[in-house]
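Heads up, the thing below is written out as structure tokens.
Read-outs throughout are calculated quantities, based only on the coordinates presented, and are distinct from any laboratory measurement. As the structure is a prediction and not an experimental result, all values here were calculated from the model. Here the Cβ positions follow ideal geometry from the backbone for every residue, glycine too, while neighbour counts run over all protein chains shown.
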Amino acid sequence: MSFQRLHTALSELSEAGYVDDDAPPAAARKPRSTQFWAVRERIAGDYGATAQYLFGGETR
């Protein structure tokens with residue numbers, strides 16, 4: 001994956017609330033040392049809602 005595609009993917013996932021980072025909020029550009037991580041609660045919640053929709057019942 002190219003740097004530009006990776007940057008675009010991280011930006012879009014961040015805007016959607018699936019990825020967070022440790023960069024200062026006021027930074028115009030994120031430093032190279034920025035660490036990213038998944039927002040597991042958001043991902044798990046959406047996964048559960050999708051499973052419930054697909055299977056038409058309660059999820060466990």
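Amide H to amide H, with H built 1.01 Å from N, Val19 comes under 5 Å of Ser14, Val39, counting only residues 5 or more places away or on other chains.
Which three numbers, in whole Å and largest first, are the semi-axes of the equivalent ellipsoid of the chain derived from its Cα gyration tensor as √(5λ)?
Values: eigenvalues 185, 33, 14 Å².
Equivalent ellipsoid of the chain: 30, 13, 8 Å, largest first.
Please rank Arg42, Arg29, fewest neighbouring Cβ atoms within 10 Å first, as an exposure proxy. It would help to have the intermediate numbers written out before the result.
Details: Arg42 14, Arg29 7.
If I rank by nearby Cβ atoms, fewest first, I get Arg29, Arg42.
Could you tell me how many degrees, from 0 to 90 and to the nearest 10, lie between the Cα long axis of helix 3-16 and the main elongation axis, the longest principal axis, of the Cα atoms of the chain? Helix 3-16 sits at roughly 50 degrees to that axis.
Under a model in which nothing but the beta-carbon of Lys, Arg (+1) and Asp, Glu (-1) is charged, the chain shows a dipole of about 240 debye around its Cα centre.
Applying a DSSP loop filter and a limit of 10 other Cβ atoms within 10 Å to the GluC sites (Glu not before Pro) in the chain leaves Glu58. Relative to the current alpha-carbon distance between Asp21 and Gln52, full extension at 0.36 nm per residue lengthens the span by 8.2 nm.
Once the Cα atoms are used to define both axes, helix 40-55 deviates from the longest principal axis of the chain by about 30 degrees.
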